[in-house]
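Written below as structure tokens is the structure these notes are about.
None of the figures in this text is laboratory data; all of them are computed from the coordinates on show. Small disclaimer: the values here were computed from a predicted structure and weren't measured. Cβ sites come from the backbone with ideal geometry, for glycine too, and all protein chains shown count toward neighbours.
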Amino acid sequence: MGRHIGHLDADCFYVSCERVRYRSLQGQAVGVLGNQGACIIAKSYEMKARGVTTGMPIWDALPLCPDGIFIKRDIEWYEVLSRRILEIVRSFSPAVEYYSIDEMFFDAQGMSPDDAKALQQRLLNQTAVPVSVGVAASKILAKLASSSGKPFGCVYAVEEAVVRQLLHDRPVDKITGVGRGSRLKLESYGIHTCEDFAQADRRLIRRLLTKRGEDLWWELNGTPALPLNTTRTAHTNLSRGGSLGIATAAPERLTGWIARNTERLVEALDHHCVYCEQLTMSLGFKDGRSASQQTSLTATAGFQSLYLASLRLLAACWPAGRLVSYMHLIAGKLTTRQNVQRSLFGESDPRQLASDRVKQLINQWHGRFAIRSGATLPLDDIYRDVTNSYDVCDVYGKTCF
Amino acid sequence: MCFGIALPMDALPENLVLQHQQRVVLREPGTARELRFLFRDPQAELPTWHGNQLAIYSWGNRDDKGSRLPRTGWCRQESLEAGRWQYLHPEPVDIPAIMGLEKGVWFLIPEGIRGILVRDERELPHVYMLTQPASHYYQIMTRHDRMPVLLGQQM
């Protein structure tokens, strides 16, 4: 018997999590909105059946689904259930990859179709979250299998005939890692379906999609090429930021966002025990344009150094008066704290280090942002809304995003 | 603001449900029925927890021009705090709801809504829903600049 990999994908996960605590939502058309209240970031199958799609603004969804019920996302709650699911899957399998908040790969060696169904049922009984499960010879096949069984399906795609059926007529962009650009390239060579992809010449796939594409080819043909990552590989970059909600050109609000994103970045650097030697600021403007600037730093994870560097980057990439909609701070050239070379010019101010440490301890004890930089005061509206304090990037340990 | 609320049928005692059969609605086939209370209903009413009792009272004062009660269904929290309702001796009440309706958008309400109960000239109780300036989220979702004061977590 060859190696078997399982893939578990929670069905409309955010909606299912809301149904766990609000039972009256069972069977209803439900849409989960992002923090701005504008776009649908997840929807139930009932809402999907009415033509509502992910990313659709609520004002476009309403005419399609006037009786739909809208809820604000709550990532912190979704993580609680995600971790419970992870724990249960770990009790079934010796090796589990925490792929994303609602997806996991696991070693399914020796797992029969009945075992896979038992896992699915146990998850439903113990978390009330329905999941779809796929078991196959490789990660990519297992993911296609679970996706083909949605919702609440359990597809055991080990027999050759089942695998062939799975790949037949399935559009090639259903393969994880084949995006729009890759699909267009493949289509120009007559590769439209997963079956076409699996049957194509391996060297052609490598030429078109590099080694990543070749790995997918092996995986689709039942030879594992992608490892099961039970721990996350080290980050090359860490990024914090996102939409500013209401676009702004007010310097004090932009400074507030810089302080907020810097504090979040410092938290992530501390969590991963790394320093950064490079900082990039990326801005998206309301008129659709964007700008970014980068600077080198002495290895640091200190708030003050990163905040001051960010202010300099803002001055370099923001034409005063232009409305800013998005801001990202990206820490690059990450080095583990053990490996960093001691510098004469590094984070040497003991008072600053002590104040960072005190801030960290208080926030660990009293909750995130219980103590924060005074520069964030103009963003009081953002901090008052508790759901802003937790984002999907704050769910650590995932191997995907 | 919030022009309507819904709550599951089993949230009300059977006798109250029987008295308000016309409010029972099935939102989605195969799901539990719910009761809807809309300000535009022939009789605008709201379920209310007053003391330890759950009852259904008039929702503000929509039609009675002769009454001393304000001709609205909502009470601004700011005006309540400024004492402008003091002459009516308002009592705090909770309005049980699991969903609210504003400009066609049904949104989830985790626990319920805060309200006040005042009495008219005949000592009959009327309930006003408390409102506050809308959060950015609520404003974008419903396109309204006021939102109900919710019990528990704000949105």
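Determine the shape class of the protein assembly as shown: with a ≥ b ≥ c the square roots of the Cα gyration tensor eigenvalues, call it rounded for a/c under 1.5, and otherwise prolate if a/b is greater than b/c, oblate otherwise.
oblate
Summing Lys and Arg as +1 and Asp and Glu as -1 over all other residues whose Cβ lies under 12 Å from the Cβ of A:Gly149 gives a net charge of +1. With a 10 Å cut-off between alpha carbons and a GNM built on chain A, which of A:Val162, A:Val386, A:Val15 moves the most? Ranking A:Val162, A:Val386, A:Val15 by mean-square fluctuation puts A:Val386 first.
Counting Cβ atoms of other protein chains within 10 Å of each Cβ in B:118-125 and taking the mean gives 0. Any idea what angle helix A:202-220 forms with the longest principal axis of chain A, computed on alpha-carbon atoms, 0 to 90 degrees, nearest 10? Here the helix axis deviates by roughly 70 degrees.
Between the listed residues A:Phe197, B:Cys75, A:Thr53, the Cα displaced farthest toward the positive end of the dipole of the protein assembly as shown, a dipole computed from Cβ unit charges relative to the Cα centre, is found at A:Phe197. For the stretch B:59-133 and the stretch A:1-80, write down the distance between their C-alpha centroids in whole Å. First find each Cα centre; the distance between them is then 32 Å.
Principal axis extents of the Cα atoms in the stretch A:238-394, from largest to smallest and rounded to whole angstrom, are 44, 34, 27. Along the stretch A:104-109 the Karplus relation, 6.51 cos²θ - 1.76 cosθ + 1.60 evaluated at θ = phi - 60°, assigns HN-Hα couplings of 9, 9, 8, 6, 10, 4 Hz to successive residues, with x for each Gly and Pro. In a reduced charge model with +1 at each Lys and Arg Cβ and -1 at each Asp and Glu Cβ, chain B shows a dipole moment near 460 debye about its Cα centre. Going down the list A:Lys211/A:Lys398; B:Lys65/B:Lys103; A:Lys185/A:Lys286; A:Lys139/A:Lys185; A:Lys72/A:Lys139; A:Lys72/B:Lys103, which pairs span over 29 Å between their C-alpha atoms? From A:Lys211/A:Lys398; B:Lys65/B:Lys103; A:Lys185/A:Lys286; A:Lys139/A:Lys185; A:Lys72/A:Lys139; A:Lys72/B:Lys103, over 29 Å: A:Lys185/A:Lys286; A:Lys72/A:Lys139. Computed per residue of chain A from DSSP H runs no shorter than four, each worth -39500 (n - 2.57), the mean residue ellipticity at 222 nm is -12500 deg cm²/dmol.
Can you tell me the FRET efficiency between A:Thr295 and A:Tyr383 if r is taken as the Cβ-Cβ distance and R0 is 30 Å, rounded to the nearest 0.05?
On the way: r = 28 Å, r/R0 = 0.92.
According to the calculation, E is roughly 0.60.
Mean partner shielding of peptide B:110-116, defined as the number of other chain Cβ atoms within 10 Å of each residue Cβ, is 1.
Taking the Cβ of each residue in A:Met281, A:Met111 as the centre, tally the other Cβ atoms inside 10 Å and list the residues starting with the fewest. Numbers along the way, then the final one.
Numbers: A:Met281 25, A:Met111 20.
Going from sparsest to densest Cβ surroundings: A:Met111, A:Met281.
Each of A:Cys276, A:Gly256, A:Thr210 was placed along the dipole of the stretch A:198-295 (beta-carbon charges, centred on the mean Cα), and the one lying farthest toward the positive end is A:Thr210. Given the options B:Gly100, B:Gly51, B:Gly66, which has the most mean-square fluctuation in a GNM of chain B, springs set between C-alpha atoms less than 10 angstrom apart? Top of the fluctuation ranking is B:Gly66.
What dipole magnitude, in Debye to the nearest 20, does the protein assembly as shown give about its Cα centre under +1 on Lys/Arg Cβ and -1 on Asp/Glu Cβ?
Numbers: 65 positive and 59 negative charges, 242 e Å.
That gives a dipole near 1160 debye.
Within 10 Å of the Cβ of each residue in A:17-28, the mean number of Cβ atoms contributed by other protein chains is 4. Considering only alpha-carbon pairs that sit under 8 angstrom and 6 or more positions apart, the relative contact order computed for the stretch A:238-394 is 32 percent. Placing pseudo-labels 7 Å out from each Cα toward the beta carbon at B:Glu121 and A:Thr335 gives an inter-label distance of 8.4 nm.
Put in line by how crowded their Cβ is, counting other Cβ atoms within 10 Å and starting with the fewest, B:Thr142, A:Thr54, A:Thr399 read A:Thr54, A:Thr399, B:Thr142. Computed from Cα positions, the angle between helix A:251-271 and the longest principal axis of chain A comes to roughly 60 degrees.
With Cα atoms defining each centre, the stretch B:9-41 and the stretch A:268-298 are spaced 53 Å apart in the structure. Among A:Lys174, A:Lys139, A:Lys211, the order by Cβ neighbours within 10 angstrom, fewest to most, reads A:Lys211, A:Lys174, A:Lys139. Comparing mean-square fluctuations of B:Arg40, B:Arg23, B:Arg114 from a GNM of chain B with C-alpha springs under 10 Å, the top value falls on B:Arg40. Summing charges over neighbours of A:Thr295, with a neighbour being any other residue whose Cβ is under 13 Å away from its Cβ, gives +1 when K and R count +1 and D and E count -1.
Which Cα, out of A:Pro151, A:Ala299, A:Pro227, lies furthest along the positive dipole direction of chain A (beta carbon charges, K/R +1, D/E -1)? Of A:Pro151, A:Ala299, A:Pro227, it is A:Ala299.
Could you compute the FRET efficiency for B:Asn52 and B:Lys103, with r as their C-beta to C-beta distance and R0 at 30 Å, rounded to 0.05? Walk me through the numbers before you get to the answer.
Details: r = 34 Å, r/R0 = 1.15.
Step by step, r from the Cβ atoms, then E = 0.30.
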